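Each remark here refers to the structure printed beneath this line.
The values are calculated or read from the model by the stated rules, or taken from the named source; none is laboratory data. Here the structure is a predicted model, which means the values were calculated and not measured. All Cβ positions, glycine included, derive from the backbone under ideal geometry; neighbour counts span all protein chains shown. Ligands, DNA and RNA are excluded from the accessible area calculation, which covers all protein heavy atoms including side chains. Shrake-Rupley method; radii C 1.70, N 1.55, O 1.52, S 1.80 Å.
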Amino acid sequence: MRYIRGMGRVMKYSAFSIFKQGLSGNKGWRPAWREPEPKKHYDVIIVGGGGHGLATAYYLAKNHGITNVAVLEKGYLGSGNVGRNTTIVRANYLLEGNEPFYSHSLKLWEGLEQELNFNAMMSQRGVINLYHSDGQRDAFARRGNAMRLAGEDAELLGREQVRELVPFLDFDNPRFPVHGGLMQRRGGTARHDGVAWGYARGADSRGVDLIQNCEVTGIRREGGRVVGVETSRGFIGCNRLGLAAAGNSGRVAEMAGMRLPVESQVLQAFVSEGIKPFIDQVVTFGAALFYMSQSDKGGLVFGGSLDLYNSYAQRGNLATVESVMEAACAMVPSVSRVKVLRAWGGVMDMSMDGSPIIDRTPVDDLYLNCGWCYGGFKATPASGWCFAHLLATGETHELAKAFRLDRFSRGYQIDETGHGAQANLH
Amino acid sequence: MASLITCPHCGVRPKEEFTIRGDAGPVRPAPEAKFAAWDAYVHLRDNVRGVMKEHWQHSGGCRRWLVVERDTFNHAVHSVVDAAEFAQASAAKPGRKAAPAKPAKAASKGRGKA
């Protein structure tokens, strides 16, 4: 254990440390974070020890110097959606309210490993969204232009350019021929657990208490403001309370007497047996909701659409499995004989316009971070960055100014897909 | 989720024949209702973890709208009733405010979505 500038007392990870520990029988490793008992009172409590909650705690300490912070997690750190996604990182949004936020997120991703001294296996392998018709090409050209206006990289590829990168697609599918794709080369994948662990370690080393197996059962209010939370480990007081509970946001908000513009629905994802290097990018199908990449272990990681019903179960139904497999075979016929190894489900906080909420609430000192729909993983750094800013200053961060809770009643929805107030269509 | 759903009209059928619309809780406000009531109806949800009533349509069968009581945590299906019957029962129940008389009446003639 030694002191690293800006990181407090923590073991620094490096090639040298692996070598040194290897020579001494790997007996010198220390836990990456403490397991403290909860204190009686904190300046800030964050409910939810997933990616967003941990990133928020990290940036509260690092950017704002607020270290008397607790993250309360009902299970173990990273046991929710941050460990249950398809690890895709991208910033290819169309609307003004969204794109600068995700652009900032991608920039944070690019420097994350050095900053956290943790191997998050960030791999900027490129994300290709396929298009299959003239109309879709026009829509993607527009999206690409919007991305470039926001300072992001976007490239509209023709059919032959896509063929060069991903030759095994079903280019001549009679129903959905591949005409080309919109590519963001800086997009890619990251190790999902690694991100949570890196932020946890970074936050802990700066003095944040990460309290696991501590379920929030009530929110105590006095005179219209939050004074603390009832938990399975007793009452814990706080000055400010931040909710980052993803799929369980509705349940936590209910404790403060709020109803949210959010429905919790299950989204499944899959991984195949390990195969040789096959697909170098993240490729998304334009004819159905389907996306695929290959993990460093060789497994194809892929997913599709929601199961389309409300659910708090972290598992889905076979009908959806079947439709995802059909989409896989339609896009890449050669995967039809690859065996699927595992499937899992995550509980998505689907908002009514498909965009997130980072805002104050009608209850004083209660702040909300939810509504991430399918897109929570890539947003992790910027979500933490902006939520920490909100918790520290009480003011909305410039990049998250569109993510207001009251935008629904004011008519300022950020509806990327134009589906209206039907949570599961976004 | 249960693989077989008992439709009150068609009997036991595979669940793939049904389309799930979503929460049957929100009741459409009167046209001249206050803005807040419409905002709540369109946007806000109880987002129940546990037993929830949902609108389903037997789209691969009789095409009737149904109200299915389902647990959102373990996916167990508890009961299935016709949406018209459900609306009637709700209207008959004192204290439930917004169950409108008109759709229930129309539904009692055996047509339309309650």
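Measuring nothing but how far apart in sequence close Cα pairs (under 8 Å, 6+ apart) lie, relative to its length, chain A scores a relative contact order of 21 percent. When Rg and Dmax are taken over the Cα atoms of the stretch A:202-314, they come to 20.2, 62 Å.
Equivalent ellipsoid of the stretch A:119-228: semi-axes from √(5λ) of the C-alpha gyration tensor, largest first, are 44, 19, 15 Å. Short to long, the 10 Å bins of the Cα pair-distance histogram for the protein assembly as shown hold 4, 17, 26, 26, 18, 8, 1, 0, 0 percent of all pairs.
Look at the stretch A:310-323: the mean tally of other chain Cβ atoms within 10 Å of its residues' Cβ atoms is 4.
The calculated FRET efficiency for B:Ala76 paired with A:Arg30, based on their beta-carbon distance and R0 = 35 Å, is about 0.20. Ranked by solvent-accessible area (1.4 Å probe, protein heavy atoms only, all chains present), the residues B:Val42, A:Val127 order from largest to smallest as B:Val42, A:Val127.
The GluC sites (Glu not before Pro) of the stretch A:340-426 that meet both conditions, a loop assignment by DSSP and at most 14 other Cβ atoms within 10 Å of the site Cβ, are A:Glu395. Remark: the stretch A:164-223 projects, on average over all directions, an area of 10.7 nm² (convex hull of Cα atoms).
Only protein heavy atoms count here; on that basis, with a 1.4 Å probe, A:Thr393 has an accessible area of about 60 Å².
Residues A:Thr217, A:Thr56, ordered by accessible area of protein heavy atoms at a 1.4 angstrom probe radius and largest first, appear as A:Thr217, A:Thr56.
Here is the link list: A:Lys12/A:Lys378; A:Lys401/B:Lys53; A:Lys20/A:Lys297; A:Lys40/A:Lys62; A:Lys74/B:Lys93; A:Lys20/A:Lys276. Which ones come out longer than 29 Å on Cα distance? With Cα atoms farther than 29 Å apart: A:Lys401/B:Lys53; A:Lys74/B:Lys93; A:Lys20/A:Lys276.
Only DSSP H runs of four or more residues enter the estimate; each adds -39500 (n - 2.57), and after division by the residues of the protein assembly as shown the mean residue ellipticity at 222 nm equals -8500 deg cm²/dmol. Any chance you could check the Cα centroid distance between the stretch B:1-56 and the stretch A:39-57 for me, in angstrom? First find each Cα centre; the distance between them is then 35 Å. At full extension, A:Arg342 and A:His64 could sit 96.0 nm farther apart than now, given 0.36 nm per residue minus the alpha carbon distance. Ellipsoid semi-axes for the stretch A:374-415, based on the Cα gyration tensor and the rule √(5λ), read 19, 15, 7 Å when sorted largest first. The GNM of chain A, with springs linking C-alpha atoms under 10 angstrom apart, assigns the highest mean-square fluctuation among A:Ala379, A:Ala57, A:Ala392 to A:Ala392. For chain A, the longest principal axis of the alpha carbon atoms and the long axis of helix A:318-331 meet at an angle near 50°. Note: relative contact order over the stretch A:1-92, using C-alpha pairs below 8 Å and six or more positions apart, is 21 percent. Cysteine residues of the protein assembly as shown whose Cβ has no partner cysteine Cβ closer than 4.7 Å: A:Cys214, A:Cys238, A:Cys329, A:Cys370, A:Cys373, A:Cys386, B:Cys62.
Could you tell me the distance between the Cα centroids of the stretch A:281-298 and the stretch A:171-224, to the nearest Å? Answer, in whole Å: 18. The 1.4 Å probe gives accessible areas that order A:Met147, A:Met121, largest first, as A:Met121, A:Met147. For the stretch A:325-390 versus the stretch A:225-267, the spacing of their alpha-carbon centroids is 18 Å.
For the stretch A:247-304, which trypsin sites (Lys or Arg not before Pro) pass both filters: DSSP loop (anything but H, G, I, E, B) and at most 13 other C-beta atoms within 10 Å?
Working: sites: A:Arg251, A:Arg259, A:Lys297; in loops: A:Arg259, A:Lys297.
Taking the stretch A:247-304 and a limit of 13 other Cβ atoms within 10 Å, the loop trypsin sites (Lys or Arg not before Pro) found are A:Lys297.
The value obtained for the stretch A:47-147, namely the Cα convex hull volume divided by the number of residues, is 139 Å³ per residue. Charge dipole (Cα centre; +1 on Lys/Arg Cβ, -1 on Asp/Glu Cβ; no other charges) of the protein assembly as shown amounts to roughly 800 debye. Using a probe of 1.4 Å, the accessible surface attributed to A:Asp353 totals some 0 Å² when neighbouring protein chains are kept in position. Taking 7 Å steps out from each Cα toward its Cβ at B:Lys34 and A:Lys276 produces label points 6.9 nm apart. When chain A is treated as a GNM, springs tying every alpha-carbon pair under 10 Å, which of A:Gln184, A:Gln281, A:Gln21 comes out with the largest mean-square fluctuation? Of A:Gln184, A:Gln281, A:Gln21, the most mobile in the Gaussian network model is A:Gln21.
Diagonalising the gyration tensor over the Cα atoms of the stretch A:335-408 and scaling each eigenvalue by 5 before taking the square root yields semi-axes of 32, 13, 11 Å, largest first.
How many percent of Cα pairs in the stretch A:50-94 exceed 15 Å?
Working: 551 of 990 pairs.
Beyond 15 Å sits 56 percent of the P(r) for the stretch A:50-94.
Comparing mean-square fluctuations of A:Val162, A:Val338, A:Val195 from a GNM of chain A with C-alpha springs under 10 Å, the top value falls on A:Val338. Mean partner shielding of peptide A:347-356, defined as the number of other chain Cβ atoms within 10 Å of each residue Cβ, is 1. Counting heavy atoms of the protein chains alone, A:Trp197 has an accessible area of about 90 Å² for a 1.4 Å probe.
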